[in-house]
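Report on the structure given below.
Where a number appears in this text, it was derived from the coordinates with a stated rule and is not lab data. Keep in mind that what you see is a predicted model, and the values were worked out from it rather than measured. Every residue, glycine as well, gets a Cβ built from its backbone with ideal geometry; the counts of neighbours run over all protein chains shown.
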Amino acid sequence: MIYLISIFVILISYHQFKIVSGTMALNRLNLMSIIFYFYLIFMSYLGAIFIASGFQSDTTVLRHVSNENKILGWLIISYLLIAFPLGSRLAMKLFKIKNVGKLLKNYTAQNLVPVLASNDSYMRLMFYFLSIISLLAIVYMIVVTGLIPQKQLFSLADQVEVLIMRNSINRDFQGIYYVKSILFEKLTPILSLISFSYWKMTKKRSHKIWFFIMFFATLFVLTFNLAKSPLIIYGIIMLILKVYLEGKIKWKYLILTFMFVLVGLFIMFILVARNAELSFIFKFLFNRLFFDQVSGTFLMLEIFPKTYDFIGFSSMSRPISEFFLGGYSKPATRIAMEFAFPTATEKGIMNLLSTLFVGEAWANFGWVGVLLSPIYVGFLFGVIYFKALTSRKTPLMVSFLAYCSFGLSITTQFNNYIYNSVMFIIVFILVGSYIYALLLKQLKQLKV
């Protein structure tokens, strides 16, 4: 019965996502189809089906979950698959869009145009300035942490030491947090996408050099905390950018990318777990792909509110929560990690437990969060997607769309879709740069 209902849910969800994405073709991947194929089906729903049907997985998280909550978790994720695209359809109505497929086809067929009409030198000047800032942020991170983690990877004994170093970089960072989280981790990859778009638009050698500088800087940034996934995510984002620029990608590139992801995951895990047996590596990768990203959702159902009270808004931001609510709570993903892995969390080996956003929505608001969060988050992604498709196709807009298409994960905290200071500041920097460049251009024209 679980399998039949799941097939029915997938078919309904596929139909709804096809309406809001414009196309579900694998060689024309876009923001909506990626959410369906990768985050919802591959990373979440397959695991939920396995869990609900009694598949024996010895993951630590699932040992705490009752059979009743395994079925409930599957039902909630089934609801998510249907409700998410309904939220995106509300965004369609907001933008008065009737045919997304036609809109997407017209958008990808367009050539890139300058951000500031014919004379884009002032906008590029701002991007050059931001690129220099991001390169200085790399130097800052090396000086503050006193290390280049990539060099130390081969000297670490096992996976535990790697996890300790990774969490130490993230949690014990003693420098300026916003330099690390914004200028270093977020801005550098986005600027590499923007520089690539400029290179493709102008074919200029200077823009090609600019791109390669930012590309190698991005590779350094994404591997700085020794995590395996950011580098793979970046590769897929570049592939998606190519789709938005050219309309589609050749199947051989898609297959090569898929093989690169699988082989990359396998090789990087071997480097981390050098002493592990091959059978353990395959078992770990299977659990990582199908259980780790979704099992936290089931644990949330188990421990909230039975063991911990619903959190509400108190985990959004420490300053805001303390000012308006009189107190701050650790996010549900941290509480769940401490519950499932108390010793490892205390030692700094573990940090936040992965979960679909609906898991933290439950921990925060109970059934209200479960029912409303998929519609709300689906609406937000729809706004990003349709705003980009109805705007001029500039290097800035197409790069930001490509970044959001895979750089914003739904296997994350629901809090990020209510209050996300890092994303707010990134948007503020990009919009502020545009406004400042526009003012410089207008002042120049007045002088002339």
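Key figures for this structure:
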| quantity | calculated |
| --- | --- |
| Extension gain, Glu68 back to Leu86 (0.36 nm per residue minus Cα-Cα distance, nm) | 3.7 nm |
| 31 Å Cα-Cα threshold exceeded, pairs from Lys186/Lys250; Lys93/Lys444; Lys18/Lys204; Lys18/Lys330; Lys70/Lys98 | Lys93/Lys444; Lys18/Lys204; Lys18/Lys330; Lys70/Lys98 |
| Pair Leu446, Tyr128: separation of 7 Å Cα→Cβ label points (nm) | 2.4 |
| Distance (nanometres) between label positions extended 7 Å along Cα→Cβ at Val144 and Phe324 | 2.7 |
| The chain: angle of helix 121-145 to the longest principal axis, Cα-based, in degrees nearest 10 | 40 |
| Vicinal HN-Hα couplings computed from phi for segment 417-427 (Karplus, 6.51 cos²θ - 1.76 cosθ + 1.60; Hz; Gly/Pro x) | 9, 10, 9, 10, 4, 5, 5, 4, 5, 4, 4 |
| Highest-fluctuation residue, Ser192, Ser399, Ser433 considered, GNM on the chain with Cα pairs under 10 Å | Ser433 |
| Glu302, Glu338 arranged by Cβ crowding within 10 Å, fewest neighbours leading | Glu338, Glu302 |
| Part-to-part distance (alpha-carbon centres) for segment 1-33 and segment 311-351, which is given in Å | 34 |
| Trypsin sites (Lys or Arg not before Pro) restricted to DSSP loop in segment 3-101 with at most 16 other C-beta within 10 Å | Lys96, Lys98 |
| Which of Trp367, Ala402, Ile35, positive extreme of dipole for the chain (C-beta unit charges) | Ala402 |
| Nearest-20 debye value, the chain charge dipole, Cβ charges on Lys, Arg, Asp, Glu | 2260 |
| Positive-end residue of Ile10, Leu245, Ile429, charge dipole of the chain with Cβ unit charges | Leu245 |
| The chain, relative contact order [Cα under 8 Å, separation at least 6], % | 28 |
| Karplus 3J(HN,Hα) series, Hz, for segment 396-411 with 6.51 cos²θ - 1.76 cosθ + 1.60 (x for Gly, Pro) | 5, 5, 5, 5, 5, 5, 4, 4, 5, 5, 9, x, 9, 8, 9, 8 |
| Net dipole in debye of segment 339-448 [+1 Lys, Arg Cβ; -1 Asp, Glu Cβ; about Cα centre; nearest 20] | 780 |
| Note, ³J(HN,Hα) from phi for segment 98-110, Karplus 6.51, -1.76, 1.60, rounded to Hz, x at Gly and Pro | 9, 9, 5, x, 5, 4, 5, 5, 5, 5, 5, 7, 6 |
| For Trp210, Trp251, order by how many other beta-carbon atoms lie within 10 Å, fewest first | Trp251, Trp210 |
